[in-house]
Amino acid sequence: MLPDLSTLSQLSICILSGVAASLWVLGLGCLLPDRSIAPVDGFDSDRIAKLSNANPLFRHCNPMVHFLIRSGVSRATDSDSLAIESSPELAAAGVAWKPDEYLATKMIEGAIVGSIFGFFGIAYAPLAIFVTVPLAALIFSVLIPRLAITSLAAGRNSYLLKIKSRLPFALDLIALMMQASGTFTDALRTVVHEERNHPLGKEFGLILRDIELGGSRADAFRGFLRRWDDPDLQELVTAILRGEELGTPIAGIFAEMSEQFRLKRSQWIEKAAAQAQVKMVYPGFIVLFGCLALVLAPFAIRFSEAF
């Protein structure tokens, strides 16, 4: 059955009104040029320029982003800052977000999406938009930043798990090359080349870059630990730094740590398998009830027809 013309007209009015609301929000972001984010120095000016080119919403709503930051509405917590600053997804984009800027941009995005959905209230009552639009914009301006932060944190955890899962093999390769009279830099360069398409290769590439730029091996691994504040990686870096201080052959340290990480890798797999069993309980119940409904439906229909 096809919908009547009145329903289609109401739906088209809702869609056009939602688009108009989003355009109004974008227009407000362009009306305050004197409140745009001022760069701190030349490097910050380049960062803002790259960020504006990469994100059109940040470029058009720059004054609104500045207003949300100055008013304290967009304020990132420590966990939010960690998820944003250490996100591989944002780092791969080639731009550096400040946590407050990222949250403010996502809040504006949520307000636009909420305004579009809120205008569907006009299908029920013309005056309903005065309630649904502000309410939906408020809800989405809180919901979308939280979902974005959760997605970034999940991506960071997945990226870190990939690094740790491949780490035992990389440590073995470094230990074998150093035991065969190779230097640490050559061994690290080999790992970077072999794992160039893997997250571990990218992180070891940053360590190699720091060493080749004149930094010490200890400082390079400290930088690696600052990027990934993880207990397992902290244990590795602590062992390397302690070996540097005591003069212990670093090849032996890498060989010992590779055995420990290989054992931990087995423990991670067992833990993931146990968690998978728990997560399958609720979907299993849903499938079970669905199967029971399919089996009992004919008997329920015959029973209802009999009475």
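The values are calculated or read from the model by the stated rules, or taken from the named source; none is laboratory data. Everything numeric here is computed off the predicted structure, so don't read it as measured data. Glycine gets a Cβ as well: all are built from the backbone with ideal geometry, and neighbour counts include every protein chain shown. Just so you know, the surface numbers come from the protein's heavy atoms only, side chains and all, with ligands and any DNA or RNA stripped out. Shrake-Rupley method; radii C 1.70, N 1.55, O 1.52, S 1.80 Å.
Quick check on this structure: which one of Ala255, Ala272, Ala306 is out of contact with any Pro (no Cβ under 9 Å at 6 or more places or on another chain), within 30 Å of Ala239 (Cα to Cα), modelled with pLDDT under 80 and not β-branched (Val, Ile, Thr)?
Of the residues listed, the single one that is out of contact with any Pro (no Cβ under 9 Å at 6 or more places or on another chain), within 30 Å of Ala239 (Cα to Cα), modelled with pLDDT under 80 and not β-branched (Val, Ile, Thr) is Ala272.
Within segment 160-214, track down each residue that is hydroxyl-bearing (Ser, Thr, Tyr) and at negative phi.
Once the filter is applied, which keeps residues that are hydroxyl-bearing (Ser, Thr, Tyr) and at negative phi, segment 160-214 yields Ser165, Thr183, Thr185, Thr190.
Write out, first by first residue and then by second, each pair whose Cβ atoms fall under 9 Å of each other, whose residues are 6+ apart or on separate chains, and whose first residue, in segment 206-227, is free of Cβ contacts under 8 Å to residues at least 24 places away in the same chain while the second is of a type in the set (Ser, Thr, Tyr) and open to solvent by 30 Å² or more (accessible area, probe 1.4 Å).
Close Cβ pairs (under 9 Å, with a partner that is of a type in the set (Ser, Thr, Tyr) and open to solvent by 30 Å² or more (accessible area, probe 1.4 Å)) amount to Leu208/Thr185; Asp210/Ser216; Leu225/Thr238.
Condition check: modelled with pLDDT of 75 or more and either of a type outside the set (A, V, I, L, M) or open to solvent by 60 Å² or more (accessible area, probe 1.4 Å) (or both). Does Gly118 satisfy that?
Spelling it out, it is not the case that Gly118 is modelled with pLDDT of 75 or more and either of a type outside the set (A, V, I, L, M) or open to solvent by 60 Å² or more (accessible area, probe 1.4 Å) (or both).
Does segment 190-201 include one or more residues that are of a type in the set (Asp, Glu), surrounded by fewer than 14 Cβ atoms within 10 Å (Cβ to Cβ) and in a helix (DSSP H, G or I)?
Checked against the condition, which is being of a type in the set (Asp, Glu), surrounded by fewer than 14 Cβ atoms within 10 Å (Cβ to Cβ) and in a helix (DSSP H, G or I), segment 190-201 yields no hits at all.
Check segment 232-242 and report whether any residue there is part of a helix (DSSP H, G or I), within 22 Å of Arg265 (Cα to Cα) and touching a Pro at 6+ places or on another chain (Cβ under 8 Å).
No - not one qualifying residue is present in segment 232-242.
For segment 211-221, enumerate the residues that are open to solvent by less than 50 Å² (accessible area, probe 1.4 Å) and among the hydrophobic types (A, V, I, L, M, F, W, C).
Ile211, Ala218, Ala220, Phe221
Looking only at segment 231-258, how many residues end up being among the polar types (S, T, N, Q) and surrounded by 16 or more Cβ atoms within 10 Å (Cβ to Cβ)?
Number of matching residues: 1.
Suppose we keep only residues that are of a type in the set (D, E, K, R) and either open to solvent by less than 40 Å² (accessible area, probe 1.4 Å) or in contact with a strand residue (DSSP E or B) (Cβ under 8 Å, 6 or more places away or on another chain) (or both) within segment 150-173. Which one would you say is nearest to Met64 (Cα to Cα)?
Per the criteria, the residue is Arg156.
Please pick out the residue among Leu147, Leu103 that is assigned to a helix (DSSP H, G or I) and either at pLDDT below 80 or surrounded by fewer than 22 Cβ atoms within 10 Å (Cβ to Cβ) (or both).
After applying the criteria, what remains is Leu147.
For segment 168-189, how many residues meet the condition of being in a loop (DSSP other than H, G, I, E, B) and either among the aromatic types (Phe, Trp, Tyr) or in contact (Cβ under 8 Å) with a residue 12 or more places away in the chain (or both)?
Counting residues in segment 168-189 that are in a loop (DSSP other than H, G, I, E, B) and either among the aromatic types (Phe, Trp, Tyr) or in contact (Cβ under 8 Å) with a residue 12 or more places away in the chain (or both) gives 0.
I want to confirm something. Restricting to segment 45-88 and keeping residues that are within 23 Å of the chain's Cα centre (by Cα) and among the charged types (D, E, K, R), which single residue is nearest to Trp228 (Cα to Cα)?
Glu85
Suppose we filter segment 67-84 for residues that are open to solvent by 80 Å² or more (accessible area, probe 1.4 Å) and within 9 Å of Pro99 (Cα to Cα); how many remain?
2
Given the condition part of a helix (DSSP H, G or I), aromatic (Phe, Trp, Tyr), closer than 23 Å to Gln260 by Cβ and open to solvent by 30 Å² or more (accessible area, probe 1.4 Å), answer yes or no: does some residue in segment 202-210 qualify?
no
So which of Phe224, Phe261, Phe285 is open to solvent by 60 Å² or more (accessible area, probe 1.4 Å) and out of contact with any His (no Cβ under 7 Å at 6 or more places or on another chain)?
Answer to the selection: Phe285.
Would you confirm, using the coordinates I've provided, whether Leu294 is surrounded by 10 or more Cβ atoms within 10 Å (Cβ to Cβ), over 30 Å from Ile163 (Cβ atoms), over 26 Å from the mean Cα position of the chain (by Cα) and of a type outside the set (Lys, Arg)?
So Leu294 fails the test.
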